[in-house]
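Presented below is the structure to which this report refers.
The values are calculated or read from the model by the stated rules, or taken from the named source; none is laboratory data. All figures in this text were calculated on a predicted structure; none of them were measured in a lab. When we count neighbours, we look across all protein chains shown, and the Cβ atoms used for this are built from the backbone with ideal geometry, even at glycine.
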Ligand code: TXA
Ligand code: MG
């Protein structure tokens, strides 16, 4: 089928209340008509996502935007002019007709205009803004290719619109305009520096252990099944000698140990390239059934901030197999060692493997 026919088909599915995975410049999203609460409910089900975690609504134009929000503060306007379509999400006061299931009952709604021609056409043809959480099971890494979506959710959704690999590779930057001053809720594809150069200093939400500041800002998120360790040094490498270890580095590996597999995010040390490779590289390592992935920290400037945010959340020690997010294991307990981490994650993996087979 030609692109146009494929997009028409996807739009038809959305109009009828179905769910379609769609490409964006950041990651693939899972789309449904934002004004159809039943379709939106199915997205939560398919993802295994808790209902208290609100969704981003994707718009194709300013008419869509007017259907969703009461007013737009001038700083938000400036940023939308500069970065839309693009990886910036703004949180604004919502109109009453926006279904509660979309916003988890909040007074605000998160909105962005994605930079992908297929998806902009899809939204226009569907005749309605579409909700779009990342198209992955809750808590797992976001998909950056149609195949990632197919592998994890293919049998649970109605259609996948394949728009090629995502250019940016990390999710959108989320800024709330609901507070006194603009508040950064999630670092992402638009670097903080670029935002501040336009509207001045913004506040930053700290990642608090256990209690998400925004519902989806859980400390363990974007996580593979293999444990990721971010804080490690040459000194403690000796204790991992008998382990099957993968290494995730920003630029060039410094070879102190024989690694099972090494993934380099960007040979030339380019943040854009590194961000675009991040989730695919972690997925490749995750597929190898390693004991451990050691990740190297990247400098926290520009897109480096979003990369480090994802790596930190991916490496936090919280159970993801249990539905309840309150079952943080090891957190706040200093004696929790890497050995504990490997054992626990292995145990979770075995349970998941059995479930996959069963
Ligand atoms: O790049 C992206 O933003 C991708 C693509 C598909 O557009 N989408 C994405 O959606 O990352 P999701 O659902 O994985 O993450 C959305 C985040 C969640 O952490 C959620 O808590 C937050 O946005 N969010 C949504 N509505 C909000 C609101 N009204 N107030 C505060 N946070 C909100
Ligand atoms: Mg997500």
Could you go through segment 60-70 and let me know if any residue there is closer than 25 Å to residue 275 by Cβ and modelled with pLDDT of 95 or more. yes
In a loop (DSSP other than H, G, I, E, B), modelled with pLDDT of 95 or more and farther than 24 Å from residue 37 by Cα: is that true of residue 143 in this structure? yes
So which residues in segment 74-97 are over 23 Å from the mean Cα position of the chain (by Cα) and in a loop (DSSP other than H, G, I, E, B)? 95, 96, 97
For residue 53: the one exception among (1) under 21 Å from the mean Cα position of the chain (by Cα); (2) surrounded by 18 or more Cβ atoms within 10 Å (Cβ to Cβ); (3) farther than 15 Å from residue 129 by Cβ; (4) more than 15 Å from ligand 2 (Cβ to nearest atom): (4)
Would a scan of segment 66-76 turn up a residue that is within 27 Å of residue 169 (Cβ to Cβ), without any contact (Cβ under 8 Å) to a residue 40 or more places away in the chain and away from ligand 2 (no atom under 16 Å from the Cβ)? no
Failed item, numbered, when residue 148 is tested on (1) more than 12 Å from ligand 1 (Cβ to nearest atom); (2) surrounded by 22 or more Cβ atoms within 10 Å (Cβ to Cβ); (3) not in a helix (DSSP H, G or I): (3)
Tell me yes or no: at least one residue of segment 153-166 is within 14 Å of ligand 2 (Cβ to nearest atom), buried (at least 16 other Cβ atoms within 10 Å of the Cβ) and outside any helix (DSSP H, G or I). yes
Note on segment 114-135: residues more than 21 Å from residue 94 (Cβ to Cβ), in a loop (DSSP other than H, G, I, E, B) and touching a helix residue (DSSP H, G or I) at 6+ places or on another chain (Cβ under 6 Å) are 135
Of 40, 46, 57, which residue is in contact (Cβ under 8 Å) with a residue 60 or more places away in the chain and either away from ligand 1 (no atom under 16 Å from the Cβ) or assigned to a strand (DSSP E or B) (or both)? 57
Please indicate, with yes or no, whether at least one residue in segment 220-229 is modelled with pLDDT under 70, in a loop (DSSP other than H, G, I, E, B) and within 24 Å of residue 50 (Cβ to Cβ). yes
When you look at residue 37, is it farther than 18 Å from residue 124 by Cα, away from ligand 2 (no atom under 16 Å from the Cβ) and in contact with a helix residue (DSSP H, G or I) (Cβ under 8 Å, 6 or more places away or on another chain), yes or no? yes
Could you tell me whether residue 110 is at pLDDT 95 or above, in contact with a helix residue (DSSP H, G or I) (Cβ under 7 Å, 6 or more places away or on another chain) and under 17 Å from residue 26 (Cβ atoms)? no
Residue 102 is checked against (1) within 22 Å of residue 314 (Cβ to Cβ); (2) in a helix (DSSP H, G or I); (3) within 16 Å of ligand 2 (Cβ to nearest atom) and fails just one. What number does that condition carry? (1)
Go over the candidates 215, 253 one by one and state the one that is under 22 Å from residue 309 (Cβ atoms) and either modelled with pLDDT under 90 or over 16 Å from the mean Cα position of the chain (by Cα) (or both). 215
For residue 81, indicate whether it is modelled with pLDDT of 95 or more, out of contact with any helix residue (DSSP H, G or I) (no Cβ under 6 Å at 6 or more places or on another chain), more than 21 Å from residue 125 (Cβ to Cβ) and surrounded by fewer than 21 Cβ atoms within 10 Å (Cβ to Cβ). yes
Among the numbered criteria (1) at pLDDT 95 or above; (2) under 22 Å from residue 124 (Cβ atoms); (3) surrounded by fewer than 23 Cβ atoms within 10 Å (Cβ to Cβ), which one does residue 42 miss? (2)
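The rows are residues; the columns are (1) assigned to a loop (DSSP other than H, G, I, E, B); (2) at negative phi; (3) loosely packed, with under 15 Cβ neighbours inside 10 Å.
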{"site": "231", "(1), (2), (3)": "yes, yes, yes"}
{"site": "236", "(1), (2), (3)": "no, yes, yes"}
{"site": "239", "(1), (2), (3)": "no, yes, yes"}
{"site": "242", "(1), (2), (3)": "yes, yes, yes"}
{"site": "248", "(1), (2), (3)": "no, yes, no"}
{"site": "263", "(1), (2), (3)": "no, yes, no"}
{"site": "266", "(1), (2), (3)": "yes, yes, no"}
{"site": "279", "(1), (2), (3)": "no, yes, no"}
{"site": "289", "(1), (2), (3)": "yes, no, yes"}
Of all residues in segment 117-145, which are farther than 17 Å from residue 63 by Cα, more than 9 Å from ligand 2 (Cβ to nearest atom) and surrounded by fewer than 22 Cβ atoms within 10 Å (Cβ to Cβ)? 117, 118, 137, 145
